[in-house]
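Have a look at the structure below before the remarks.
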Amino acid sequence: KFWSTTMSLPPPLICLAVFFLGCLVGSFYSHLLTPFLQDQSLSAVWKGHQEDEAWRANSKEVGMWRDSLQTAIEEGNSTQVEELKRSAFPVHNVLPCKYTFLDFGSNVGDSFRKFVDSSFPELNKKRPKLDVKTGEVGNDCYGCDGKRTMDNNFRLPEYVRKNLENGTKPEDYCFYGVEGNPVFTARLQEIELKTMSMRPRPVRHIHFFTEHVGAKEDGPTVLYLDTINAQHNFWGSSIFASHYDIRRNSNVTAANVTGITLTTLLSKIAVPNGHVMIKIDIEGAEYDLLTEALESNILCKLTSDGVRITMLMEPHNDRVVGSSDPAQKWKALKGNEKIKNCGVEYTTGDGGR
């Protein structure tokens, strides 16, 4: 009735009626939504919606598992009960990622911080550093101590900046670190836990393979511990007992760790047409690690699948390793040339200290 009456009015009055109706509707919705929008931006509203959806999906999945277990118990299906118990809450430490940074020789986690720092804008010609403990970008910065760090191509932040995939930033990458020294296990686990709890996060995903070392085969092995270079975070720990910093120890200390190959990790994380950036600084074990990767042909296979691989490897000479055997075998293999022939953007130099 209202509409028929309105349409019978002269055109100017029709326009006026529609205008007032629009104002009335707008006022109603504005009054309804204003208290909500005063406290939350549209992006926050959308983020909250996404988190609610993720929560509902998680609750549904847990509920389905619980119901399945209850049914198996009631039916007396012991095999299914044990299977459901084992698969209850799988830990997804490693995710296939289109963009990945792989760090062999993580030490205290400084490579992770430098990877993140690489994206920060310069402030007064100095690049600030992330404080991983607080999640803040503090007053500490590269160049603040007067040392040359920004003009050396092999320093990690600058290397990362030059080699990120076009248009990407560290927050687009998954970060995986490998470190054998058990002295750093708790610290690396804390970095991982705190980073994964950040919203937003400086990387897509992070995981450290603690008490693991890059090796020529997967499985148990031994890491000889540097116990004298405390000021350098015991940087001389090595799989070689002949390593310079191990020989300087009056009492040689070793730790039982797990070897992991480059093939194993790349097979888990790399995806076609993606990018993997690899840093290797593992005190002489680099030759075995890369020899295994050449033998498995993983590097050539991935590049043929469109994966861009950029690699920074720090070679350690005979004096440091305490043996000429690893480097000589690598040279005889023509390892550097073979890696480049696979299409890897391969650089040797300082691993970023």
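The values are calculated or read from the model by the stated rules, or taken from the named source; none is laboratory data. Remember, it's a predicted structure, so these values are computed and weren't measured experimentally. In this analysis, Cβ positions are derived from the backbone assuming ideal geometry, glycine residues included, and neighbour counts consider all displayed protein chains. Areas reflect the complete protein model, heavy atoms only, side chains present, ligands, DNA and RNA absent. Shrake-Rupley method; radii C 1.70, N 1.55, O 1.52, S 1.80 Å.
Between S267, S324, L289, the Cα set farthest toward the positive side of the dipole of region 263-353 (charges on each charged residue's Cβ, about the Cα centre) is that of S267. The charge dipole of region 196-353, taken about the Cα centre with unit charges on the Cβ atoms of Lys, Arg (+1) and Asp, Glu (-1), comes to about 440 debye, rounded to the nearest 20. Pairs with C-alpha atoms separated by more than 29 Å, drawn from the list K169/K331; K279/K338; K98/K338; K98/K133; K301/K334, are K169/K331.
What a 1.4 Å probe finds exposed on region 151-280 is 48% carbon and sulfur by accessible area, rounded to a whole percent. Note on L333/T264: beta-carbon distance plugged into 1/(1 + (r/R0)^6) with R0 of 30 Å gives a FRET efficiency of 0.90.
Place a point 7 Å from the Cα of E295 along the Cα-to-Cβ direction; which residues of region 237-272 have their backbone N under 16 Å from it? Output list for this probe position: 259-265. Can you give the Kirkwood hydrodynamic radius of region 280-330 from its Cα pairs, in Å with one decimal? Hydrodynamic radius (Kirkwood, Cα pairs) of region 280-330 is 12.0 Å. Neighbours of R308 by Cβ distance under 12 Å: Lys/Arg scored +1, Asp/Glu scored -1, total -2.
Extension gain for the segment R204 to E74, taken as residue separation times 0.36 nm less the Cα-Cα distance, is 42.6 nm to one decimal. Computed about the Cα centre, the dipole magnitude for region 129-277 is approximately 180 debye when only Lys and Arg (+1) and Asp and Glu (-1) carry charge, each at its Cβ.
Net charge of the neighbourhood of G343, taken over other residues with C-beta under 12 Å away and scored Lys/Arg +1, Asp/Glu -1, is +2.
For region 186-273, what ratio Rg/Rh do Cα atoms give with a Kirkwood hydrodynamic radius? Radius of gyration over Kirkwood radius for region 186-273 works out to 1.06.
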